[in-house]
1. How large are Rg and Dmax for region 156-211 when calculated on the C-alpha trace, in angstrom?
2. Which ordering of 53, 303 is given by a fewest-first count of other beta-carbon atoms within 10 Å?
3. Evaluate region 1-90: find the radius of gyration of its Cα atoms, find its Kirkwood radius, and give the ratio Rg to Rh.
4. If eta is 1.002 mPa s and T is 20 °C, what Stokes-Einstein diffusion coefficient results for region 113-177, Kirkwood Rh from Cα pairs, in µm²/s?
5. Give the shape of region 56-165 as rounded, prolate or oblate, defined through the alpha-carbon gyration tensor: a ≥ b ≥ c are the square roots of its eigenvalues, a/c under 1.5 means rounded, and otherwise the shape is prolate if a/b is larger than b/c and oblate if not.
6. Would you mind computing Rg(Cα) / (2.2 N^0.38 Å) for region 91-225, counting N as its residues?
7. By count of other Cβ within 10 Å, fewest leading, how are 76, 248, 198 ordered?
8. Fewest Cβ neighbours within 10 Å first, please rank 73, 121, 158 accordingly.
Ligand SMILES: [Zn+2]
């Protein structure tokens, strides 16, 4: 912004776009992020007169001195929340369409705002103020990667990002979710968190079909029921498998709807992640599917990017005894070792390369 009326500051490392917007609002003496966005927009129209009027992400990218694409990759949750889309929702270079940018560019991936008290302390020590991290807003994330013993705090407010994290620490709206260390160290929770972070780090969106085909194929090979939407109380669903494998206290916070259904009932938001015509926005279901269907994110992305034609695997209804042994195999799977988790850097390397050449 070149007007001089607005104070600009660039986004910090892993700073979340809505938090960046909030920080700009504070510096400009505005109390709500929505009001400041309006001011930013009219100010831009007044001084620049471009058509179409920039969307919120573009306005923030200007304030940061980045192009809009770089800003979306580094500061929004779009790489996670719109990880795979229908062709018409992507632009030619595999980037989110303008419609998606407007609709979803400033959306968080779960209600509230999450922050780590240890990060706040370090920020204040080094910068004099704290800021909102994008990676802390990912679903299922309740501990800080940098401070594994620090439980993230959750701000239950309509506009958490209008204040800096430090100003929420002693506020009654700030919640500490009780979760045991067993849950923090649960291998599937760790893998799920790793999966969401890898999706975020990929920084672009895949064609939904590219993702769906290997995902469904591997799920069928693993014996995970991806039978379509016929309701049947006799056969477990993918969502039942998740409910059996993931710790209850964690799943209740991450996706409580899984407990609203009955056993065998098709839960579209999760179960359709493994069925061809899935809704484009089901990133949570996709993350669960990637976590369960592949041994590691390296394998996942190698398979996705190989774009092989997959031989047809017959869909079979999963019987209860097979379901129980599947649950056991996930809970004892030898592949879920520390060694796998330590390959994260290699994963990221592969991922960047694979996606660049995809
Ligand atoms: Zn931290």
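Values quoted throughout were computed directly from the atomic coordinates according to the rules given, and no laboratory measurement underlies them. Remember, predicted model here, so these are calculated numbers, not experimental data. Cβ atoms come from the backbone with ideal geometry, glycine included; neighbour counts cover every protein chain shown.
1. 16.7, 46
2. Fewest-to-most ranking of 53, 303: 53, 303.
3. For region 1-90, the value is 0.98.
4. The diffusion coefficient I find is 182 µm²/s.
5. prolate
6. Its radius of gyration relative to the 2.2 N^0.38 Å reference: 1.25.
7. Ranking 76, 248, 198 by Cβ neighbours within 10 Å, fewest first, gives 248, 198, 76.
8. The order, fewest Cβ neighbours first, is 158, 121, 73.
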